[in-house]
Amino acid sequence: MTKMHMVKALNNALQQEMEADASIMVLGEDVGVNGGVFRVTEGLQEAFGKDRVVDTPLAESAIVGAAIGLAINGMRPVAEMQFSGFSYQAFAQIKQHAARIRQRSEGTFSAPLVIRAPSSGGIRALEHHSESPEAFFTHCQGLKVVMPSGPYDAKGLLIASIRDPDPVIFLEPKKIYRAFKEEVPEEPYTVPLGKAKVVSQGEQLTIISWGSMLKLCQKALLQLDQESGIELIDLRTIWPFDIDTIITSVKKTGRALIVHEAPRTAGMGAEIAARIQEQCLLHLEAPVIRVTGFDVPFPQFALEEHYLPNVTRILDGIQKVLEF
Amino acid sequence: MQRFEVEYVQVLDTEGHVDTAQMPDLNDDQIKQIYHVMRLTREMDRRLFKLQRQGKIGTFVEARGEEASEVASAYALRPADWMVPSFRESGAYLMRGADRVKFIQSWKGDTRGFIGDEHCRDLPVSIPIASQIPHAVGLAWAEKIKGKKNVALVYFGDGATSEGDFHEALNFAGVLKLPVIFFCQNNQWAISTPRSKQTASATIAQKAIAYGMPGIQVDGNDALAVYKVTREAIGRARDGGGPTLIESLTYRLGDHTTSDDASRYRSEEEVQSWQAKEPIARLEHYFREKGTWTDDYGTWVGHEVAKEVDEAIEKAMAIPPPPPENLFNNVYAKIPPVLVEEKAELEKEWKAIKAEREAKKEGAP
Ligand SMILES: Cc1ncc(C[n+]2csc(CCOP(=O)(O)OP(=O)(O)O)c2C)c(N)n1
Ligand SMILES: [Mg+2]
């Protein structure tokens, strides 16, 4: 075990997987010589050479499109979008091909690639650098959507994503890239895709969250007394999600709060709330409440703090559900 | 088979000697106007860079080294022409008369810095690489439809020429024969990616040939040459001659942005070799050669631009952050009812925060 922040854990995952499997390559803008703008791919080009860690021209659609071709033809590409806000430039390739090639070819071809993208807000970045596009990508049926909330899961989920037979978009909450360290095993391990994690147990209320919002939820819980009885679930794989863990928990607590940074309307919280009422309405003691970003474009950074969910909003949400 | 050559234009060599055959129609007052704004841009850069380091503004993008390319090209435009920037075109904004205070305000992450008047023909900064290029095509197209003689000039980097939007836009403009000037700031780098890894073409200018328009290379650190080629391209566009691609050869002397550290990927020698070809000194050499330079004039310009930037910074720093409800303004022309409730939630929270802050202030000794 070594204490690492998320950037190091992701780098470590890439390093070990590339050592173990020669078909894995990394491609993207500034990923080689510069080691990526957040240094997630630092040192990889020195270790594996310019043919396996490739600084591409500035063209997201071609990065993903080429990664699809590479993947169909036996390679295991890990493509980087410099920020998830620039994955839109590659949206057509993701939606039309990465997500559909398996079905279109009746399983003859598949595109087992990983698209990594620093995501979400909280670092006072320029416009388009703070997007939380998980709901868009959930609508790319055939694609898996993953978002870790800490270093340990980051390494295990990235390794699982690389080894997964399906295309995965791996959204990295950049606010917590270096915010805290966790014990991370030195050897490779996987955290299974499609499995949520019960972070803390309770009987009164279930909170479902992911990405950098998970830490925020934990911060909010610290302000409540220890007997508050709140069960916190980290969704981890946004799609296909682990509804069973959620339903089991809500059947026990009878109350649910969903916290995410992306806009509220048609966000993943809406889907989770719908499933809860479909599958355990009679267990519910209160409406399912969402604490989310507003239904507006992610603002330029002068207003960022007002956009992002905060501890007060989470505590208000908890109170609303508990006191209904 | 069609054969082609790419013309390269330089008026001033690095010592400031003029190629008189190439000299554009500019008098010394005009050249001094360009020089003044180049100095202003340099000073603005220097000061905003410092403010970023002090945490007073957000991520900042320096234009250092590219002042001739930006300012002299923008000088060739008329006010009614469209200027479509990416994010490094401080010089073009300042040349076009951008309000200095608002210009700084926008680097505070405050969109109110982009509020323009009814004559505004400068688009706001566009961060997604190359995405603004098709907009210039549409702006120019509308001018053509309206029977106006105005043009659109769009700036983008060498890196942008790898994006689909660049190619699609040039193709459109070629097919529709639109009055657009595609102005490529080839500053040799796209973050850590050198021009040589961006395209296998010998030049960026030659990409124009494939889209049926003239392409030309210009020494982008030579303000007179930049003015000359831009002026000619604009003239052709106004007269119905269609688009032009200009490749301006310049150099990003600073880091990519304040979040970058260029020493990780490029050599100090390379930077120094370009420092020697730097555009402001180049114009000073020109004035000296011509005998129209005095050190007093240089010092005076320095004082003027420092004062202008000082005053603007002071005012911009005094502007309080935008009110939170700005999140909801201008998302739609009229706020839809379904958003009114969210806005009310936010306003309620803001009231509580303000009350708490007030209470704290009063409680303080
Ligand atoms: C579509 C898109 N992809 C990636 C980025 C991240 N990014 C910002 S600037 C930049 C390099 C741009 O290079 P160039 O076009 O040469 O312009 P320069 O920065 O040199 O002025 C990159 C990759 C972005 N802003 N937009
Ligand atoms: Mg460049």
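The values are calculated or read from the model by the stated rules, or taken from the named source; none is laboratory data. The structure displayed is predicted, hence computed values, not measured ones. Don't worry about glycine lacking a Cβ; one is built from the backbone with ideal geometry, like all the others, and counts go over all protein chains shown. What goes into the accessible areas is simple: the full protein's heavy atoms, side chains included, and nothing from ligands, DNA or RNA. Shrake-Rupley method; radii C 1.70, N 1.55, O 1.52, S 1.80 Å.
Below is a table of values for the structure above.
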{"read-out": "Near pairs, Cβ below 6 angstrom, 6+ apart or cross-chain, from region B:78-90 (within 16 Å of ligand 2 (Cβ to nearest atom)) to any residue that is open to solvent by 10 Å² or more (accessible area, probe 1.4 Å)", "value": "B:S86/B:S126; B:F87/B:V125; B:F87/B:I127"}
{"read-out": "Matching residues in region B:145-165 - criterion: being under 24 Å from A:T56 (Cα atoms) and more than 13 Å from ligand 2 (Cβ to nearest atom)", "value": "B:G164, B:D165"}
{"read-out": "All positions within region A:293-312 that are in contact with a strand residue (DSSP E or B) (Cβ under 8 Å, 6 or more places away or on another chain), facing chain B (nearest Cβ under 7 Å) and in contact (Cβ under 8 Å) with a residue 40 or more places away in the chain", "value": "A:Y307"}
{"read-out": "Strands (runs of 3 or more DSSP E) within region A:1-77 that include 2 or more residues under 29 Å from B:F166 (Cα atoms) and in contact (Cβ under 8 Å) with a residue 40 or more places away in the chain", "value": "A:24-28"}
{"read-out": "Helices (runs of 4 or more DSSP H) fully within region B:253-336 counting 1 or more residues that are surrounded by fewer than 12 Cβ atoms within 10 Å (Cβ to Cβ) and assigned by TED's automatic domain parsing to the domain that holds B:N27", "value": "B:268-275, B:295-318"}
{"read-out": "Which numbered condition B:R112 misses (of (1) free of Cβ contacts under 8 Å to residues at least 40 places away in the same chain; (2) assigned to a helix (DSSP H, G or I); (3) more than 15 Å from ligand 1 (Cβ to nearest atom); (4) among the charged types (D, E, K, R))", "value": "(1)"}
{"read-out": "Residue match in region A:236-256 (condition: of a type in the set (S, T, N, Q) and within 24 Å of A:S119 (Cα to Cα))", "value": "yes"}
{"read-out": "Filtered residues of region B:196-206 (kept if open to solvent by 30 Å² or more (accessible area, probe 1.4 Å), within 16 Å of ligand 2 (Cβ to nearest atom) and touching a strand residue (DSSP E or B) at 6+ places or on another chain (Cβ under 7 Å))", "value": "B:K197"}
{"read-out": "Pairs where the first residue, in region B:174-193, is free of Cβ contacts under 8 Å to residues at least 60 places away in the same chain and the second is away from ligand 1 (no atom under 16 Å from the Cβ) and part of a loop (DSSP other than H, G, I, E, B), C-beta under 8 Å, 6+ apart", "value": "B:V175/B:G212"}
{"read-out": "Residue match in region B:177-190 (condition: open to solvent by 30 Å² or more (accessible area, probe 1.4 Å) and either in the same structural domain as B:S90 (by TED's automatic domain parsing) or away from ligand 2 (no atom under 16 Å from the Cβ) (or both))", "value": "yes"}
{"read-out": "Only listed residue being in a helix (DSSP H, G or I) and either open to solvent by 30 Å² or more (accessible area, probe 1.4 Å) or under 18 Å from B:E7 (Cα atoms) (or both), chosen from B:N171, B:N221", "value": "B:N171"}
{"read-out": "Qualifying positions in region B:64-88 - among the acidic types (D, E) and more than 20 Å from B:G235 (Cα to Cα)", "value": "B:E66, B:E67"}
{"read-out": "Positions within region A:1-37 being within 14 Å of chain B (Cβ to nearest Cβ) and surrounded by fewer than 21 Cβ atoms within 10 Å (Cβ to Cβ), in sequence order", "value": "A:V33"}
